[in-house]
Amino acid sequence: MTKKFYFMAGLPRSGSTLLSAILNQNPVFYSGPASPVLATMNAIESVFRIDPLFIGFPKIKEGNLIISSVIDQFYSDISQSIVIDKNRAWPEYIRFIEGYMKIPAKIICPVRDISEILA
């Protein structure tokens with residue numbers, strides 16, 4: 001089964017955990033805690049950028065396939081067809097979503113007044 005991936009970002013206490021709990025009541029959705037998917041993709045890309053062995057014998061297409069497979073592999077144990085990956089940094093890395101995953105970036109960003117977050 002091919003999963004559809006969406007993304008969630010937002011400041012702490014902005015409602016992302018509550019929204020995930022509500023979405024998880026629908027058996028089609030999976031929305032878990034903050035995930036390491038983005039950090040893993042970023043780390044692999046960084047290694048390919050600085051590793052002398054990769055630089056000396058670059059396999060750009062294969063490297064991109066490795067990075068793009070991270071999200072599928074991370075959620076390979078999830079049976080739901082719609083997965084929402086949560087990481088506050090997704091808005092900064094839209095290029096990962098559109099470049100590596102080849103899907104339009106759709107990021108849910110819960111919003112709450114800053115004074116309420118700080119309270």
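What follows is calculated from the coordinates using simple rules that are stated; it is not laboratory data. Everything quoted here is computed from the prediction, not taken from an experiment. Cβ placement follows ideal geometry from the backbone for every residue including glycine, while neighbour counts extend to all protein chains displayed.
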FRET E, pair residue 2, residue 109, Förster distance 25 Å, beta-carbon r, rounded to 0.05: 0.50
With Cα atoms, 0 to 90° folded angle of helix 60-74 axis to the chain main axis: 30
Debye-sum result for the chain in log10 I(q)/I(0), which assumes one identical scatterer on each alpha carbon, at q = 0.09 Å⁻¹: -0.29
